[in-house]
Amino acid sequence: MKDPRFFQNIRPEELADTYATPLYVYNERVFRTRCREMKNLVTYPNFTVHYSVKANSNLTLLKIAREEGLHVDAMSPGEIYVEEKAGFLPEEIFYISNNVSIEEMAYAVERGICVSLDSISQLRRFAAHFPGASVSLRINTGIGAGHSEKVVTGGKKTKFAIPEDQLNEAVKICREASLRLKALNQHIGSFFLDGEIYLEGVKALLAAAEKVPGLELIDLGGGFGMPYDEKTQKRLDLSSLGRSLDQLFADFSKKYAALYPESNGKEISFAIEPGRYISAESCVLLGRVHAIKENAGHLYCGTDIGFNVLMRPVLYDSYHKIETWPVRENAPVLSYTVVGNICESGDILAKDRELPQMEENDLVIVCDAGAYGYSMASNYNNRLRPAEVLIGEDDQVRLIRRRDTLEDLVRGFES
Ligand SMILES: Cc1ncc(COP(=O)(O)O)c(C=O)c1O
């Protein structure tokens, strides 16, 4: 939660009692603020934010992002489908494909959505099936970043993108198949708090782009981080990063226009693909304490937040700040291992965490859960995925996704 205004005078237990736990609680004001911060990152006029909806694709949030003037990226036909439902137009969607079938490519092409290809192999297949279509090439300039090895997507150890030394070959394939190569894109990985590494990636991509004629768009990728742990992490300095990007954009666009006068002075467009930055801080996850127990000197706080609800701590060893409710002044602080209700010992939300003494039926409030939270939730152990509610700017609470029902668990089975 961190900011006490998050709940806007609504008591967490009121939400928990009304909607049951676990419960994803979003704050519209925070979500809109983050959209605006990204939109205003630079002053360069031809700049678009492609919200990376893999972080959170709740339909209501997507509609809000669209109201805020954001466009979206997509990683699958499913994401495209939901984005269309939220009202995004084909030209507002950028399909960043990875190892996809011809049918998946066709799903985007038939809708007039630009497809980014990320290997020579996929590009050849695309060219054979869709000559004349518009494409982007995802380039690996050798630079990577991320909060875990699992989300570093640039550099030597990654399945993503066309290595820069294969760019000439890729351009040749596009030319031969009359593909309209209109964009280059990259994504160095997920999570940086120091803009320097991002800028390094941008410079490398721009250097590669100078060699490619006819470009209309350069998409620099996402990865913008936010502090999960305010004690050890500093907020990303957006104004300094924005100023540096502005300078790079202005210099590049002048240089590119001089290199390729056939573009008739049309300024090149730039885009970024933030996911986490937009949605992470707009959400807390409420859970209920069902058991407190001690085993071999370890104190366990047993909650209903299993890794089917929030996977990040188990998947990446990620830290999420945890607060407790009710707030008990003067309660002793104890070291808890906070766990869920799933069948594996690894089902741990936080290890040896100093928290005020808790009792059964208390609530835990898991902070910054809005990115890669619900979107990674599953029905493992046949548990029901939780509901999502939104605290609106008008202080009203709205259910924006219902909890799964038991019937949902057997949907799709032959009877
Ligand atoms: C291609 C691409 N773009 C953007 C993102 C968003 O990253 P983040 O949420 O760190 O901004 C991802 C995340 O995996 C990605 O794969």
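Each reported figure results from applying straightforward, stated rules to the coordinates on display, with no laboratory input. Since we're looking at a predicted model, the values are computed, not measured. Ideal geometry is used to build each Cβ from the backbone, glycine not excepted, and the neighbour counts take in all protein chains shown.
Here are some notes:
- Taking the Cα centre of the range 97-272 as origin and assigning +1 to Lys and Arg Cβ atoms and -1 to Asp and Glu Cβ atoms, the resulting dipole is close to 200 debye.
- Test item: Cα-centred dipole of the range 1-138, Lys/Arg +1 and Asp/Glu -1 on Cβ, debye: 340
- C-alpha center-to-center spacing [the range 140-159, the range 178-195] in angstrom: 12
- Of the DSSP H helices in the chain, those with a Cα length along their own long axis of 24 Å or more and a mean Kyte-Doolittle hydropathy reaching 0.0 comprise 238-259.
- Whole-angstrom gap from the range 87-130 to the range 367-415, using each part's C-alpha centre: 29
- Measuring nothing but alpha carbons in the chain and taking Rh as the Kirkwood radius, the Rg to Rh ratio lands at 1.00.
- Positive end of the dipole of the chain (Cβ unit charges, origin at the Cα centre): among P45, P77, N341, the Cα lying farthest that way belongs to P45.
- Placing +1 on the Cβ of every Lys and Arg and -1 on the Cβ of every Asp and Glu, with no other charges, gives the chain a dipole of roughly 780 debye about its Cα centre.
- With 26 Å as the limit on Cα-Cα distance, the pairs of K293/K321; K39/K266; K157/K255 that go past it are K157/K255.
- Evaluated at q = 0.13, 0.23 Å⁻¹, a Debye calculation over the C-alpha positions of the range 233-293 (equal weights, vacuum) places log10 I(q)/I(0) at -0.61, -1.02.
- The chain: relative contact order in percent, alpha carbon pairs under 8 Å with at least 6 residues between: 19
- Convex hull of the range 97-272 built on C-alpha atoms - directionally averaged projected area, nm²: 10.7
- Ordering Q396, N379, V327 by the projection of their Cα atoms onto the charge dipole of the range 281-410, which places +1 on the Cβ of Lys and Arg and -1 on the Cβ of Asp and Glu, puts N379 at the extreme positive end.
- Farthest positive-ward along the chain dipole, Cα basis, beta-carbon charges - from L89, L206, L61: L206
- Cα gyration tensor, the range 1-144 - rounded (a/c under 1.5), prolate or oblate: prolate
- Histogram of C-alpha separations across the range 281-410, 5 Å bin width, %: 2, 10, 19, 23, 19, 14, 8, 3, 1, 0
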